[in-house]
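Student: The following block contains the structure, expressed as structure tokens.
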Amino acid sequence: MASEEPAEVKMSREPPPVERFRPVDIDHMDWSALRAECPVSRVRTAGGEPAWLVTRYKDIRAVLGSQTFSVQPIDMESGSGTYEANESIFQDPPEHTRLRGLVAGPFAVGRVEQYRDAIQKTAYALIESMKTADGPIDLMERFAKPLTINVIGEVVGVPAPDRDMFRRGSDKLLVPMHENGGAEAREGWHTLNDYVMALIARRRRENHDPRADLIGHLISSQTVDEKLTDVEVTTMVLGLPVAGYVSTANAIAVAVRHLVEDGWMDRLRAAPDVREQSKLFVEEVLRIQSGDNGESMPRFAAGSFEVGGTTINKGDIVVAPLIAANRDESMFDRPGTFDPHREGLSRHIAFGFGIHRCLGANLARLELQIAVDALVESGICFELLERWDEVPWRQNMLGDRFPERLMVGVSLAPAGGEV
């Protein structure tokens with residue numbers, strides 16, 4: 001049961017305009033042909049807006065790494081974004097620099113390691129529950145989503161009894177704003193916004209350890225940066241389920257596909273250096289899943305910019321898909337093939353590039369690594385009960401796609417036998 005707080009601390013407000021868009025037929029693009037024939041091409045978004053589609057690795061990095069491009073539509077007279085500040089990290093400098101600097105510490109490599117034991121405990125508990133399953137199970141519901149939402153809860157500082165409510169609110173928050181007039185997304189936003197605002201007030205009264213979790217860190221940061229408001233803290237906290245919950249759960253689903261369908265479960269279980277091999281496996285999952293999630297937000301040219309021999313004019317929309325960069329034949333041999341031992345694997349940009357590179361990259365990588373290790377070491381034999389191309393997919397408000405379900409059969413290997 002979620003904790004109740006006095007009504008005066010609740011400050012419901014409308015969600016910021018966070019929906020992003022991609023070319024309407026991005027899932028059917030022939031990236032290789034586009035790179036060869038028209039690496040910077042004219043397309044239309046699902047909403048009908050004209051945009052430039054950039055498809056070469058080096059050009060995508062150039063766009064994402066250049067501050068000539070804004071993350072907000074351009075006011076053609078002033079040259080700046082047209083949206084008001086949205087209290088999130090996803091703004092242009094200097095506000096982006098200020099907010100990201102305040103929140104970056106808890107997501108550094110050394111800091112996310114403090115969550116390893118908690119993530120492992122949750123992962124192995126979920127594995128044990130699957131061993132007693134009577135019949136097929138939905139791996140998304142039984143493993144991927146509960147694992148990732150519990151990690152988000154641990155990092156944020158959501159008490160364990162409140163996490164089911166936090167997940168339900170997150171699921172609603174992730175429904176695209178264009179569905180049902182945005183009613184479900186707004187309900188999720190208001191539920192989580194009110195809850196987090198109340199949690200901040202409670203935590204401030206408790207004078208909690210600032211290093212314990214993100215909320216404690218941000219409350220402590222308010223003594224350093226007097227401009228940091230509770231609204232900004234709340235928005236940054238709510239950005240985690242939007243950006244990290246489903247995307248990491250999706251990465252686990254992609255990992256399971258290749259563990260089972262491509263035989264990597266057996267290969268990893270037979271490897272003498274299984275943990276080292278699983279690290280490579282995880283990096284290839286991250287590279288090849290680009291396009292299902294983790295796509296970069298569109299960019300808006302604040303000035304003229306030449307990319308791939310094409311001049312982008314001020315005000316133009318540019319879409320620079322990570323899937324195209326991570327499938328570029330000039331960077332990755334046989335890019336459509338799943339190969340954890342490929343040369344140059346570390347060059348992938350699954351987490352984006354530039355100042356807006358995914359803040360939670362270290363945490364997501366740790367979650368995925370622990371999930372893969374837990375599955376490999378589980379002793380469970382998994383069978384995919386639907387072909388991958390028949391699994392139903394949905395799209396959230398950020399344009400990330402995720403499987404609605406991943407039905408698997410589970411059985412335990414005979415004692416002393418091969419798994």
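FYI, it's all coordinate maths here, none of it is from the lab. No experiment lies behind these values; they were computed from the predicted model shown. As a convention, Cβ positions derive from the backbone with ideal geometry for all residues, glycine included, and neighbour counts pool all protein chains shown.
Student: Would you please give the FRET efficiency between N313 and H178, computed as 1/(1 + (r/R0)^6) with r the Cβ-Cβ distance and R0 = 41 Å, to the nearest 0.05?
Tutor: The value I calculate is 0.90.
Student: Divide by every residue of the chain the summed helix terms, -39500 (n - 2.57) for each DSSP H run of at least 4, and state the resulting mean residue ellipticity at 222 nm, rounded to the nearest 500 deg cm²/dmol.
Tutor: -12500 deg cm²/dmol
Student: Once phi is turned into θ = phi - 60°, what whole-Hz ³J(HN,Hα) does the Karplus curve with 6.51, -1.76 and 1.60 give for every residue of the range 375-392, x standing for Gly and Pro?
Tutor: Karplus-based 3J(HN,Hα) across the range 375-392 equals 5, 5, 8, 6, x, 8, 8, 9, 10, 6, 9, 9, 5, 4, 6, 9, 5, x Hz.
Student: Counting alpha carbon pairs within less than 8 Å and at least 6 residues apart, what relative contact order, in whole percent, applies to the chain?
Tutor: Contact order relative to length: 26 percent.
Student: Please identify the GluC sites (Glu not before Pro) of the range 283-365 that satisfy two criteria: DSSP loop assignment and at most 10 other Cβ atoms within 10 Å. Which are they?
Tutor: Of the GluC sites (Glu not before Pro), the ones in loops of the range 283-365 whose Cβ has at most 10 other Cβ atoms within 10 Å are E343.
Student: Using the Kirkwood radius over C-alpha pairs as Rh, can you work out the diffusion coefficient of the chain via Stokes-Einstein at 37 °C, viscosity 0.692 mPa s, in µm² per second?
Tutor: In µm²/s, the coefficient is 146.
Student: Let me ask something additional. Which cross-chain or sequence-distant (5 or more) residues have an amide H under 5 Å from the amide H of I312, H modelled 1.01 Å from N in plane?
Tutor: Amide H to amide H, under 5 Å and 5 or more residues apart or across chains, I312 pairs with F305, E306, V307.
Student: Convert each backbone phi in the range 227-233 into a coupling constant with the Karplus relation 6.51 cos²θ - 1.76 cosθ + 1.60 (shift: θ = phi - 60°), then list the ³J(HN,Hα) values in order as whole Hz, x for Gly and Pro.
Tutor: 3J(HN,Hα) across the range 227-233, in whole Hz: 6, 6, 8, 5, 5, 5, 4.
Student: Further, regarding this structure: How long is the gain from A104 to S330 if the chain were fully straight, where each residue apart is worth 0.36 nm and the alpha carbon distance is subtracted?
Tutor: 78.1 nm
Student: Then there is this: Express the relative contact order of the range 172-254 as a whole percentage, based on alpha carbon pairs under 8 Å and six or more residues apart in sequence.
Tutor: The value is 23 percent.
Student: Okay, next question. Report the residue, chosen from G244, G101, G379, that carries the largest GNM mean-square fluctuation when the chain is represented by alpha-carbon nodes joined by springs under 10 Å.
Tutor: Fluctuation is largest for G101.
Student: Taking just the C-alpha trace of the range 120-240, give me its Rg and Dmax in Å.
Tutor: Just the Cα atoms of the range 120-240 yield Rg and Dmax of 16.6, 55 Å.
Student: So between D75 and T97, what do we pick up on full extension, going 0.36 nm a residue minus the alpha carbon distance?
Tutor: 5.8 nm
Student: Here's a follow-up. What trypsin sites (Lys or Arg not before Pro) in the range 192-231 are in a loop by DSSP, with at most 16 other Cβ atoms within 10 Å of the Cβ?
Tutor: Those that pass, being in a loop and sparsely packed, are R211, K227.
Student: Fully extended, how many nm does the chain gain between R269 and R168 (0.36 nm per residue separation, minus their Cα-Cα distance)?
Tutor: Fully extending the segment from R269 to R168 adds 32.8 nm.
Student: Just the number: Rg to Rh for the range 276-352, Cα atoms, Kirkwood Rh, two decimals.
Tutor: We get a ratio of 1.08 for the range 276-352.
Student: To continue, here is another question. If you keep only loop residues by DSSP, which GluC sites (Glu not before Pro) in the range 366-408 have at most 12 other Cβ atoms within 10 Å of their Cβ?
Tutor: For GluC sites (Glu not before Pro) across the range 366-408 that sit outside H, G, I, E and B with at most 12 neighbouring Cβ atoms in 10 Å, the list reads E404.
Student: Something else about it: Hey, for a label at E383 modelled as a point 7 Å past Cα toward Cβ, could you say which residues of the range 111-152 have their backbone N under 17 Å away?
Tutor: Residues passing the 17 Å test: 131-139.
Student: Shape call for the range 175-257 from the C-alpha gyration tensor, a ≥ b ≥ c root eigenvalues: rounded (a/c under 1.5), prolate (a/b greater than b/c) or oblate?
Tutor: Verdict is oblate for the range 175-257.
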